[in-house]
Amino acid sequence: MPELPEVETVRRGLQPVMEGAKILVAEARRPDLRFPFQPDFVARLKGQVVTGLGRRAKYLMADLASGDVLLMHLGMSGSFRVIKPDNDAQPGEFHYPRGKDSTHDHVLFRMSSGADIVFNDPRRFGYMKVIARSALDEEPLLRGLGPEPLGNEFDDAMLARSCEGKTTSLKAALLDQRVVAGLGNIYVCEALHRSHLSPRRIAATLATRKGEPTDHAKRLVGAIHTVLNDAIKAGGSSLRDHRQTSGELGYFQHSFKVYDREGEICKTPRCGGTIKRFTQNGRSTFWCPKCQK
């Protein structure tokens, strides 16, 4: 499933053709994706100007001039592609040619910018919903989400407060969207390795007895920032379904230190350990037992 860097990459790809443009045509080509479309889904979108395109955790959020917000989630296999009649750009180095089969093209937005935006989702785990901005705080899909890991409010003190007294593993705490929003399995594994912290470490060790952040918390927050920013610059990670809106692959997978590297030598200088994998909370965890404590 796409994580924060992949969703942010998609947002940046859609922004130039959506933001400031009017939705001339909106089509829902089936009655549902993961959830049924609202009966007035198309009517609330047609003719609306997109005043801004943002992201919250793993959700894309298009602000509309009406005061509504179009909430979009990629699910497991969802992707957007932008079609422009005058687009003669050459494919990038990591271009992945998209198939011409439109069977899984489930949603279309025709924009006044001259672009068609198509949402393709073979597995149909993605979803879209139109919500009044005034009702966002009560929206079940968003309620309870923790701070954005790249936002100004997320720092070592906040992470320490969130983990204080938690007896769960550090990895489980970081995957809890109430602790920090948008992190997933790949980038948690990578951030823990870069901060030299074991995924089995108890989450409460990020806080002192007085609730202040430990050095572990400071290292971890720095690693989270670095990993996410580097991944966004690389266009995310393309392991199965993620493609940028241009069709290009993300290439952060070439920079993985531990994820999907079981049996390989740790890349930490002077470590020499071997990357191991084990199942933790139903997910594969990759780590180096030698340098992650």
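Just so it is clear, none of the values below were taken in a lab; they were calculated from the coordinates. Everything quoted here is computed from the prediction, not taken from an experiment. Cβ sites come from the backbone with ideal geometry, for glycine too, and all protein chains shown count toward neighbours.
Laid out as a table, the results:
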read-out	value
Inter-label distance for K46 and T279, nm, one decimal - labels placed 7 Å from Cα along Cα-to-Cβ	4.9
Computed Kirkwood radius, in angstrom, where 1/r is averaged over Cα pairs of the range 4-138	15.3
Entry for Rg and Dmax of the Cα atoms in Å (calculated from the structure that is shown) out of (1) 26.3, 95; (2) 19.3, 63; (3) 20.3, 62	(3)
Between the range 135-154 and the range 63-80, the alpha-carbon center distance in angstrom	16
Within the chain, longest stretch clear of exposed GluC sites (Glu not before Pro) (DSSP loop, no more than 14 other Cβ within 10 Å)	154-261
Candidate lysines for bridging to K84, where Cα separation is under 29 Å - those fewer than 8 sequence places away on the same chain excluded	K22, K46, K58, K100, K129, K233
Efficiency of FRET between L150 and I265 - r from beta-carbon atoms, R0 25 angstrom, step 0.05	0.25
Dipole of the chain, positive end: most advanced residue of S77, A172, G222 [Cβ charges, Cα centre]	A172
Förster radius 30 Å - calculated FRET efficiency between E139 and S112 (Cβ-Cβ, nearest 0.05)	0.60
